[in-house]
Every structure is written in C-alpha cells, then in structure tokens.
Amino acid sequence: MDHERIIYIYDYLSRYTDENRYVSISQIQEHLANACNLTRVKDVTIRRDLDRLTAMGNHIVKQNREHNTAYYALIGKGFSFNEIRFIVDSISINKFLTAFQKQTLIKKLGVIRYGSLHSL
C-alpha cells in the first residue's frame, strides 16, 4: 500500500504542480481520499512520502506561505504515472527473471525503495 500511495502522490504532483503551481498537504490528502480511495492518510505520512520521493532523485520544492503553511511542487518531472506502472508491470510479469532480479531491477529504476515487489 505504501508504494501505491507514493506513486499516487507522485502522479498528483506531476499533473498539478510546476514552477508556478504548488499544492498543500491537505490538497494531497483530498486527492488521495477522492481519486484513490485512500482515506485517513496523516500529514506526517505524506511528508515522509515526499521525503522518499526526494531521496529517489525527484526535485520537490517546498515553499512556506501564509500562516506558515507548506506548499510543494515537483520540478523537472521524470516518468509519468502510466510510464512507471508500465515499466514495473512489465518487469513483474517477465518470466525470464527471478523474483530477486525483478526486485533489484525495480530498485535500480528508483521506483521502489522499501518493501517487496508484490505489494504493488
């Protein structure tokens, strides 16, 4: 579930943010609840996911605005959500790779840093 949530957050940021458009944690929570049916995602969980996305090499910028509210944007976007899903799905169904090889390859792509391939 963690991996899916991170991918949904990445997809949301890639679609709705850029150098001029930022989103807040509450907007991300609303998107996860409405579009992805992931309710009750805590602020700290989303911040941790944003840190993981940054650790994977994504350029996520944080701006503090009114009332010290943090807003985030993904700058210099990489793969789209559908491209990431396609790559991970293609690797996961490949019959010529072992489970270990699949996990290693996906980790090299930077899509999954934590957990197992089967949780996607």
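General remarks:
- Taking segment 26-42 as the range and being touching a residue at least 12 places away in the same chain (Cβ under 8 Å) and surrounded by 13 or more Cβ atoms within 10 Å (Cβ to Cβ) as the test, the residues that pass are 28, 29, 31, 32, 36, 38, 41.
- Only one entry of 21, 47 meets the criterion of being touching a helix residue (DSSP H, G or I) at 6+ places or on another chain (Cβ under 8 Å) and at pLDDT 90 or above, and that entry is 47.
- Among the residues of segment 61-79, not a single one is in a helix (DSSP H, G or I) and either in contact with an Asp or Glu (Cβ under 9 Å, 6 or more places away or on another chain) or surrounded by 11 or more Cβ atoms within 10 Å (Cβ to Cβ) (or both).
- Residue check for residue 84: in contact (Cβ under 8 Å) with a residue 24 or more places away in the chain, out of contact with any Gly (no Cβ under 7 Å at 6 or more places or on another chain) and either in a helix (DSSP H, G or I) or loosely packed, with under 13 Cβ neighbours inside 10 Å (or both): yes
- For segment 24-40, a residue qualifies if it is part of a helix (DSSP H, G or I) and modelled with pLDDT under 90, and exactly one does: 35.
- Residue under evaluation residue 54, criteria (1) open to solvent by 50 Å² or more (accessible area, probe 1.4 Å); (2) modelled with pLDDT under 90; (3) in a helix (DSSP H, G or I); (4) among the hydroxyl-bearing types (Ser, Thr, Tyr), criterion not met: (2)
The values are calculated or read from the model by the stated rules, or taken from the named source; none is laboratory data. This structure is a prediction, so every number in the text was calculated from the model and none was measured. Using ideal geometry, Cβ is built from the backbone for each residue, glycine included, and neighbour counts are taken over all protein chains shown. For accessibility, only protein heavy atoms count, side chains too; no ligands or nucleic acids. Shrake-Rupley method; radii C 1.70, N 1.55, O 1.52, S 1.80 Å.
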